[in-house]
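K.L.:
Got a structure here, written out as structure tokens. Questions coming.
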Amino acid sequence: MQTTDPTTGFPTGGSNGSGNTGIEGTMNRTASSAHGVVDRAASAARPVIDRVASSAHQALDKAVSVAGPTAEWLNERKETLKQTQDRLVTDTRDYVTTNPLKAVGIALAAGLIIGRLMR
């Protein structure tokens, strides 16, 4: 026999104490159904997740294979790059020394343009 909670008027689950009737039973059945849905969704998603993980590993392997030769190329040319950097710094210093107002004007214009682009 089913009993009713006097404060809410809802069924309390019956007099047998099994918890399979009324709101408690409905909640248990709903929870079981939800667990089944989640389990099926997880099973369906597992192959997709595995494919994505495999693709990510392949992409990472490809990036590593490209980065290795690039690092070697930079290492081989580091002296040339250092000389080029030193030459550019020296040329810039000489230009600013001989044309200070023009250099300030160029720096101001570049700052304004970069400031507008960053907005």
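K.L.:
So if I take the centroid of the Cα atoms in region 87-119 and the same for region 47-84, what is the distance between those two points in Å?
P.N.:
After rounding, the separation between the Cα centres reads 35 Å.
K.L.:
With Cβ to Cβ distances under 14 Å as the rule, what net charge do the other residues near D86 carry (K, R +1; D, E -1)? The partial results should precede the final answer.
P.N.:
Values: positive: K78, K82, R87, R93; negative: E79, D91, D94.
Once positives and negatives cancel, what remains is +1.
Bear in mind that the values in this text are calculations on the coordinates, not laboratory data. These numbers were taken from a predicted model, which means no experiment stands behind them. Cβ coordinates were reconstructed from backbone atoms using ideal geometry, including for glycine residues, and neighbour counts include every protein chain displayed.
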